[in-house]
Amino acid sequence: IFRETLSKRGVRVITGLGKYFRQIDKKRNGLLSQAALKEALKAFHLEMPEGDFESLWLILDDSKSDKVDYGEFTHAIFGEMNEYRKASVRKAYMKLDFNKTGSVPLVDVRKCYCAK
């Protein structure tokens, strides 16, 4: 049901959740507690019965660390990228990594991308 609700509301909710998660992630480690996730879902009107939330938490916190990684959260909701999207990401990364170092510093991203 949760996945269906998100798919109806679209990418804007997911990107909004991402921004919200980054704002509340005071340690900047990409991890959220159960309370923080619940609060974030509430802020985006994605409340659910407590039993459903507990089930969702068990799925997301498969490492039993009492924290959920935002990347794992989005992966659990959307699943794997299809091959077309993966190829597009690889192509964009290869263009950004013009020094072929295997990493892309922010200064190199700024040379290729304007967020205005």
Karplus 3J(HN,Hα) series, Hz, for the stretch 88-96 with 6.51 cos²θ - 1.76 cosθ + 1.60 (x for Gly, Pro): 5, 5, 4, 5, 5, 5, 4, 5, 5
Residue order for 93, 113, 20 - accessible surface, 1.4 angstrom probe, largest first: 113, 93, 20
Highest-first arrangement of 51-62, 76-87, where packing means the average Cβ count within 10 Å: 51-62, 76-87
Too-long pairs where the Cα-Cα distance tops 30 Å, listed order kept, from 27/64; 19/86; 64/111; 26/64; 27/116: 64/111
For residue 89, solvent-accessible area (1.4 Å; no DNA, RNA or ligand), Å²: 80
Cα-based reach from residue 100 at 20 Å (exclusive), listing aspartates and glutamates while leaving out same-chain residues under 8 positions away: 108
Normalised contact order of the chain, rounded percent, pairs of Cα under 8 Å and 6 or more residues apart: 22
More than 19 angstrom apart: percent of Cα pairs within the chain: 57
Per residue, in Å², the accessible surface of the stretch 63-103 once ligands and nucleic acids are set aside, probe 1.4 Å: 79
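The values are calculated or read from the model by the stated rules, or taken from the named source; none is laboratory data. No experiment lies behind these values; they were computed from the predicted model shown. Using ideal geometry, Cβ is built from the backbone for each residue, glycine included, and neighbour counts are taken over all protein chains shown. Protein only, heavy atoms only, side chains kept; ligands, DNA and RNA dropped before computing areas. Shrake-Rupley method; radii C 1.70, N 1.55, O 1.52, S 1.80 Å.
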